[in-house]
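Here's the structure we're looking at; comments come further down.
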Amino acid sequence: MNHLIRIIAISFVLMTPAFAQRLVDPATVAPEYRDAAEHRRAEQLKQRACGLKAEQAKILLRDRAAFVLKCMDAADASK
(Lines give C-alpha, C1' and ligand atoms only; values in the text may rest on other atoms or scores of the structure.)
Protein backbone atom coordinates (compact mmCIF):
# COMPACT_ATOMS: atom_id res chain seq x y z
CA MET A 1 0.00 0.00 0.00
CA ASN A 2 2.84 2.37 0.83
CA HIS A 3 4.39 1.80 -2.60
CA LEU A 4 1.12 2.62 -4.30
CA ILE A 5 0.89 5.96 -2.50
CA ARG A 6 4.47 6.80 -3.52
CA ILE A 7 3.78 5.93 -7.15
CA ILE A 8 0.64 8.08 -7.16
CA ALA A 9 2.50 11.00 -5.56
CA ILE A 10 5.32 10.78 -8.12
CA SER A 11 2.85 10.63 -10.99
CA PHE A 12 1.13 13.80 -9.76
CA VAL A 13 4.46 15.60 -9.55
CA LEU A 14 5.34 14.57 -13.11
CA MET A 15 1.95 15.64 -14.46
CA THR A 16 2.29 19.28 -13.45
CA PRO A 17 2.29 21.63 -16.44
CA ALA A 18 5.57 23.03 -17.65
CA PHE A 19 6.19 26.74 -17.25
CA ALA A 20 6.09 28.96 -20.30
CA GLN A 21 9.30 30.20 -21.83
CA ARG A 22 10.38 33.52 -20.35
CA LEU A 23 10.97 36.61 -22.45
CA VAL A 24 14.59 37.08 -23.44
CA ASP A 25 16.22 40.14 -21.90
CA PRO A 26 18.92 41.37 -24.33
CA ALA A 27 20.58 43.36 -21.54
CA THR A 28 21.49 40.17 -19.66
CA VAL A 29 22.98 38.39 -22.68
CA ALA A 30 26.64 38.51 -23.64
CA PRO A 31 27.37 41.33 -26.12
CA GLU A 32 28.17 38.99 -29.01
CA TYR A 33 24.71 37.39 -28.73
CA ARG A 34 22.74 40.59 -28.12
CA ASP A 35 21.48 40.96 -31.72
CA ALA A 36 20.13 37.41 -31.70
CA ALA A 37 18.51 38.01 -28.29
CA GLU A 38 16.79 41.17 -29.55
CA HIS A 39 15.48 39.28 -32.59
CA ARG A 40 14.24 36.43 -30.36
CA ARG A 41 12.48 38.89 -28.02
CA ALA A 42 10.70 40.51 -30.97
CA GLU A 43 9.51 37.08 -32.12
CA GLN A 44 8.33 36.21 -28.62
CA LEU A 45 6.36 39.44 -28.37
CA LYS A 46 4.69 38.74 -31.73
CA GLN A 47 3.79 35.23 -30.55
CA ARG A 48 2.29 36.57 -27.34
CA ALA A 49 0.27 39.19 -29.20
CA CYS A 50 -1.08 36.59 -31.60
CA GLY A 51 -1.82 34.24 -28.70
CA LEU A 52 -3.85 36.97 -27.02
CA LYS A 53 -5.75 37.57 -30.27
CA ALA A 54 -6.51 33.83 -30.42
CA GLU A 55 -7.83 33.89 -26.85
CA GLN A 56 -9.98 36.94 -27.54
CA ALA A 57 -11.36 35.32 -30.68
CA LYS A 58 -11.98 32.12 -28.66
CA ILE A 59 -10.07 29.92 -31.09
CA LEU A 60 -10.13 26.23 -30.15
CA LEU A 61 -6.85 24.74 -28.92
CA ARG A 62 -6.66 22.39 -31.90
CA ASP A 63 -6.83 25.39 -34.29
CA ARG A 64 -4.69 27.79 -32.25
CA ALA A 65 -1.32 26.92 -33.83
CA ALA A 66 -2.62 27.57 -37.34
CA PHE A 67 -4.22 30.83 -36.20
CA VAL A 68 -1.01 32.04 -34.54
CA LEU A 69 1.07 31.17 -37.62
CA LYS A 70 -1.31 33.07 -39.91
CA CYS A 71 -1.31 36.01 -37.51
CA MET A 72 2.49 36.11 -37.41
CA ASP A 73 2.68 35.88 -41.22
CA ALA A 74 0.23 38.75 -41.49
CA ALA A 75 2.32 40.80 -39.02
CA ASP A 76 5.45 40.11 -41.08
CA ALA A 77 3.69 41.01 -44.32
CA SER A 78 2.43 44.31 -42.94
CA LYS A 79 5.95 45.54 -42.20
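The values are calculated or read from the model by the stated rules, or taken from the named source; none is laboratory data. Remember, it's a predicted structure, so these values are computed and weren't measured experimentally. Note that each Cβ is placed from the backbone with ideal geometry, even for glycine, and that neighbours are counted across all protein chains shown. These area figures cover heavy atoms from the full protein model, side chains too; ligands, DNA and RNA do not enter into them. Shrake-Rupley method; radii C 1.70, N 1.55, O 1.52, S 1.80 Å.
Could you list, in sequence order, the residues of the range 20-39 that are among the acidic types (Asp, Glu) and open to solvent by 90 Å² or more (accessible area, probe 1.4 Å)?
As a first pass, look at the range 20-39 and keep what is among the acidic types (Asp, Glu): 25, 32, 35, 38.
Residues satisfying the conditions are Glu32, Asp35, Glu38.
Please go through the range 40-64 and pick out each residue that is farther than 19 Å from Arg22 by Cα, open to solvent by less than 80 Å² (accessible area, probe 1.4 Å) and out of contact with any Phe, Trp or Tyr (no Cβ under 9 Å at 6 or more places or on another chain).
Our first condition is that a residue be farther than 19 Å from Arg22 by Cα; within the range 40-64, this holds for 53-64.
Of the ones still in play, those that are also open to solvent by less than 80 Å² (accessible area, probe 1.4 Å) are 54, 57, 59, 63-64.
Within the range 40-64, Asp63, Arg64 meet the criteria.
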